[in-house]
Every structure is written in C-alpha cells, then in structure tokens.
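Participant: Mind having a look at this structure? Questions to follow.
Read-outs throughout are calculated quantities, based only on the coordinates presented, and are distinct from any laboratory measurement. Small disclaimer: the values here were computed from a predicted structure and weren't measured. Glycine gets a Cβ as well: all are built from the backbone with ideal geometry, and neighbour counts include every protein chain shown.
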Amino acid sequence: MSRFDVVVIGASWGGLRALERILGGLDAGFPVPVLVVQHREAGADDDLLARLLDSHTPLRVADAEDKTPLAPGTVLLAPPGYHVLVTDDGCAELSVDEPVQFSRPSIDVLFESAADAYGPRVLGVLLTGSNTDGAAGLEAIQRGGGFTVVQDPESAERPEMPRAALARITPDAVLALDDIVSLLRRACGKERAS
C-alpha cells in the first residue's frame with residue numbers, strides 16, 4: 001500500500017517536456033491519483049494538453065471537471081482558466097476565483113488544497129517554470145507533513161520556479177526528472193525491478 005493518497009505536480013514554462021518524461025515513466029497500474037497544474041491561458045485548446053500527455057503515458061489523462069472523483073491510474077489536469085482543488089472527499093473541484101501569482105490555474109491553489117485535504121498523505125512535485133507559483137503551496141504541503149520534491153534547477157528548462165521553492169523551504173528531495181520518476185515509483189509502491 002502506498003503511504004500517499006494523492007500526487008500533485010506543478011509546472012510552467014518547459015512543463016510539457018518535463019511532464020512527458022515523468023508521466024511516461026509511470027506504469028498503468030500506478031496506484032495513486034495524480035493532479036497536475038500546467039500553466040496555460042484561458043481559451044487555449046481545451047484538451048490539447050491532455051491529448052499530448054495521454055499519448056506519452058499508459059495512465060489515463062484528462063482535464064478535470066467539477067467534482068471529478070480521484071482514481072488510481074488517472075491524471076487530472078487543471079483546465080485552462082480554472083483553478084483545481086482537491087477536496088477531502090476525494091474529488092477535484094474547479095474554481096474561477098481570482099488568479100494567484102498571475103495564474104489561473106495556480107499551482108499554489110492546488111498544492112494548498114491538497115495539503116488541507118490530505119496532510120501527510122500528499123506528495124508534491126514542483127517542476128520547471130519562470131515565476132514563483134508553487135513555492136507557497138509546496139511550503140503548505142511540507143507544513144502538513146507531506147513529502148516535497150523540487151526539480152533540480154540545473155536540469156530545469158526554466159530554473160526560476162524551482163529556485164523560488166528552494167529559497168522558501170528545504171524540500172525532502174531535489175532531483176532531476178528521471179530520479180523523480182524513480183522516487184514516485186518507490187514512494188507509491190510501484191518500483192520496477194532493475
């Protein structure tokens with residue numbers, strides 16, 4: 001059994017390639033739901049990101065709809081123009097509240113809601129990006145006893161977002177993308193045999 005109930009991932013500039021690597025390294029039987037905020041503009045092709053990521057992973061990838069139940073083997077994306085939150089009854093909820101860090105969807109909103117709902121049973125991953133969104137949310141996950149991972153800024157297409165998180169907290173791990181995949185497999189009970 002995994003010690004985690006949910007994995008939350010945040011990315012911005014350079015996130016598509018990073019997410020393709022991470023999600024592509026997970027097995028279809030990955031036992032924990034994954035929620036992702038990738039910054040994208042309202043009015044963007046609604047399901048383009050989901051289609052691109054779905055073609056790189058055996059997991060099922062879809063844009064979240066309001067009150068979508070979280071399910072193992074599934075990746076839910078924040079749709080363009082909406083924040084996505086995790087509820088304590090195991091659903092994704094959409095919000096059109098004001099942008100946070102100039103972003104809607106906001107990584108901070110997802111991470112803070114996951115910390116509130118799941119406390120120590122959330123694993124948060126902050127990836128490449130060119131702003132500071134996600135740093136406060138990752139701190140909330142850490143305060144709640146969850147596990148925090150930051151992409152090594154040296155391996156990030158844009159290091160500003162990982163560096164902002166590292167300036168705010170000392171995460172549980174600072175890793176390159178392939179090492180993040182290995183950590184997710186181990187932490188969630190699905191490490192492949194070498």
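Participant: Given the criterion surrounded by fewer than 17 Cβ atoms within 10 Å (Cβ to Cβ) and aliphatic (A, V, I, L, M), identify the matching residue among 48, 59.
Facilitator: Being surrounded by fewer than 17 Cβ atoms within 10 Å (Cβ to Cβ) and aliphatic (A, V, I, L, M) holds for just one of 48, 59, which is 48.
Participant: For region 92-106, check the following and say yes or no: at least one residue is of a type in the set (Asp, Glu) and either in contact with a Leu (Cβ under 6 Å, 6 or more places away or on another chain) or under 20 Å from residue 31 (Cα atoms) (or both).
Facilitator: Taking region 92-106 first, the residues of a type in the set (Asp, Glu) are 93, 97-98.
With either in contact with a Leu (Cβ under 6 Å, 6 or more places away or on another chain) or under 20 Å from residue 31 (Cα atoms) (or both) added as a condition, the list becomes 93.
So far as region 92-106 goes, yes, one or more of its residues are of a type in the set (Asp, Glu) and either in contact with a Leu (Cβ under 6 Å, 6 or more places away or on another chain) or under 20 Å from residue 31 (Cα atoms) (or both).
Participant: Of the residues that sit in region 135-169 and are among the small types (Gly, Ala, Ser) and closer than 18 Å to residue 85 by Cα, which one is surrounded by the most Cβ atoms within 10 Å (Cβ to Cβ)?
Facilitator: Step one: list which residues in region 135-169 are among the small types (Gly, Ala, Ser), which gives 135-137, 140, 144-146, 155-156, 164-165, 167.
When the remaining residues are screened for being closer than 18 Å to residue 85 by Cα, the result is 135-137, 140, 144, 146.
Values: 135: 25, 136: 20, 137: 28, 140: 21, 144: 19, 146: 24.
Once the filter is applied, the top-ranked residue is 137.
Participant: Is it the case that residue 87 is over 24 Å from residue 160 (Cα atoms), in contact with a helix residue (DSSP H, G or I) (Cβ under 9 Å, 6 or more places away or on another chain) and not aromatic (Phe, Trp, Tyr)?
Facilitator: Values: over 24 Å from residue 160 (Cα atoms): yes; in contact with a helix residue (DSSP H, G or I) (Cβ under 9 Å, 6 or more places away or on another chain): yes; not aromatic (Phe, Trp, Tyr): yes.
Against the criterion (over 24 Å from residue 160 (Cα atoms), in contact with a helix residue (DSSP H, G or I) (Cβ under 9 Å, 6 or more places away or on another chain) and not aromatic (Phe, Trp, Tyr)), residue 87 qualifies.
Participant: Being farther than 21 Å from residue 20 by Cβ and β-branched (Val, Ile, Thr) is the filter; apply it to region 75-106 and report the residue that is surrounded by the fewest Cβ atoms within 10 Å (Cβ to Cβ).
Facilitator: Per the stated criteria, the residue is 96.
Participant: Looking at 129, 124, 146, which is the one that is under 14 Å from the mean Cα position of the chain (by Cα) and more than 19 Å from residue 6 (Cβ to Cβ)? Give the steps one after another, and end with the answer.
Facilitator: Working: 124 fails: more than 19 Å from residue 6 (Cβ to Cβ); 146 fails: more than 19 Å from residue 6 (Cβ to Cβ).
Of 129, 124, 146, the one residue that is under 14 Å from the mean Cα position of the chain (by Cα) and more than 19 Å from residue 6 (Cβ to Cβ) is 129.
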